[in-house]
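Asker: I am attaching a structure below and will ask some questions about it afterwards.
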Amino acid sequence: MPGEAITERMLLRPFTKADLGWLTALHGDPAVMRFIDSPVPAEVVAAVTLPAFLRERGELPAGVGHFAALREPGGEALGWFGLAPPSSVALQRAGTIGLDHVVSRALEVGYRLFPGAWGQGYATEGTRTLVRRAFTDAGAGNVVATTMSVNVASRRVLEKAGLTLAGTLLIDWPDPLDGAEHGEVIYTANRQDWLRAS
Ligand SMILES: CC(C)(COP(=O)(O)OP(=O)(O)OC[C@H]1O[C@@H](n2cnc3c(N)ncnc32)[C@H](O)[C@@H]1OP(=O)(O)O)[C@@H](O)C(=O)NCCC(=O)NCCS
């Protein structure tokens with residue numbers, strides 16, 4: 001399938017309609033959503049989230065978008081990885097802390113895995129693969145990511161994938177998650193530095 005990637009232990013492939021069941025479970029899990037948002041109701045995943053992932057296949061170049069992560073061998077769904085035009089709120093507001101340059105010609109990486117898959121290096125493995133794809137195949141000038149400052153696991157994944165902290169942004173959320181007062185961190189890698197280091 002165009003856009004597929006095989007990592008050491010996973011197949012990353014574009015979403016299909018058949019992924020609805022596990023995607024609903026993933027986005028409905030309060031532990032998974034702890035640093036992201038309230039758990040997402042099943043009807044929203046079916047009407048909004050999955051259709052948006054499916055539409056990307058027609059709208060974005062192959063290799064860019066959100067990708068189901070399946071354990072290899074076996075095919076068990078572990079979660080997803082994203083490599084997509086920047087869309088997170090913190091990245092949309094990066095200009096307010098002088099970071100508009102990092103979001104230009106950039107792709108945003110992201111990930112969401114089931115708790116049973118945590119702590120085994122999967123997020124690092126998938127993110128490294130998509131960072132490489134961003135700079136080698138997708139022509140990105142920068143890779144960017146954002147997470148809550150208190151999401152230590154996510155920050156560590158980004159650091160291990162070669163991104164560095166560019167800044168911290170305080171956002172006045174209408175219904176803030178615990179820890180939001182510490183802000184959102186923005187991480188970046190640029191093409192020249194990445195090529196030099198790899
Ligand atoms: C964030 C997440 C993707 C990390 O996935 P993972 O596969 O467990 O990450 P890895 O195994 O690749 O670990 C990467 C590093 O983070 C560390 N780490 C993982 N979980 C951690 C935790 N809860 N606290 C502190 N460090 C943690 C690991 O020890 C490792 O660092 P090390 O090699 O220096 O020891 C996973 O916890 C997740 O899906 N969380 C819910 C969704 C989410 O928060 N997504 C990010 C939103 S921005």
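Asker: Give segment 69-79 a look and list any residue that's crowded, with 20+ Cβ neighbours inside 10 Å and either without any contact (Cβ under 8 Å) to a residue 40 or more places away in the chain or closer than 21 Å to Thr136 by Cα (or both), or say none.
Answerer: Ala69
Asker: Within the set of pairs 6+ apart or on separate chains, which have a first residue in segment 34-61 that is within 25 Å of Ala106 (Cβ to Cβ), a second that is at pLDDT 95 or above and among the polar types (S, T, N, Q), and C-beta atoms under 6 Å apart?
Answerer: What qualifies is Phe35/Asn151.
Asker: Additional query: With the requirement that a residue be within 16 Å of the ligand (Cβ to nearest atom) and not in a loop (DSSP other than H, G, I, E, B), what does segment 15-52 give you?
Answerer: Trp22, Leu23, Thr24, Ala25, Leu26, His27, Pro30, Ala31, Val32, Met33, Val45, Thr49, listed by residue number.
Asker: Which of the residues spanning segment 42-60 are at pLDDT 95 or above and either basic (Lys, Arg) or farther than 19 Å from Lys17 by Cβ (or both)?
Answerer: Arg55, the sole residue that qualifies.
Asker: If I ask for residues that are in contact with a His (Cβ under 9 Å, 6 or more places away or on another chain) and more than 6 Å from the ligand (Cβ to nearest atom), which ones from segment 112-168 would you list?
Answerer: Hits for segment 112-168 are Asn142, Met148, Ser149, Val150, Thr168.
Asker: Can we say Gly95 is closer than 22 Å to Pro30 by Cα and loosely packed, with under 14 Cβ neighbours inside 10 Å?
Answerer: The answer is no for Gly95.
Asker: Take Glu8 and decide whether it is within 23 Å of Ala180 (Cβ to Cβ) and either within 16 Å of the ligand (Cβ to nearest atom) or assigned to a loop (DSSP other than H, G, I, E, B) (or both).
Answerer: Against the criterion (within 23 Å of Ala180 (Cβ to Cβ) and either within 16 Å of the ligand (Cβ to nearest atom) or assigned to a loop (DSSP other than H, G, I, E, B) (or both)), Glu8 does not qualify.
Asker: Considering only segment 159-174, how many residues are touching a residue at least 24 places away in the same chain (Cβ under 8 Å) and either over 27 Å from Arg128 (Cα atoms) or of a type in the set (D, E, K, R) (or both)?
Answerer: Counting residues in segment 159-174 that are touching a residue at least 24 places away in the same chain (Cβ under 8 Å) and either over 27 Å from Arg128 (Cα atoms) or of a type in the set (D, E, K, R) (or both) gives 3.
Asker: How do the pairs read when you match residues in segment 113-132 that are without any contact (Cβ under 8 Å) to a residue 24 or more places away in the chain and within 23 Å of Asp19 (Cα to Cα) with residues anywhere that are more than 6 Å from the ligand (Cβ to nearest atom) and in a helix (DSSP H, G or I), using Cβ under 9 Å and keeping only pairs 6 or more apart or on different chains?
Answerer: none
Asker: Using the structure shown, decide if Arg105 is on the phi > 0 side of the Ramachandran plot and more than 12 Å from the ligand (Cβ to nearest atom).
Answerer: Taking the combined requirement at face value, the residue satisfies it.
The values are calculated or read from the model by the stated rules, or taken from the named source; none is laboratory data. For clarity, every value in this text was computed on a predicted model and none was experimentally measured. Reconstructed Cβ throughout: ideal geometry from the backbone, glycine too, with neighbour counts over all protein chains shown.
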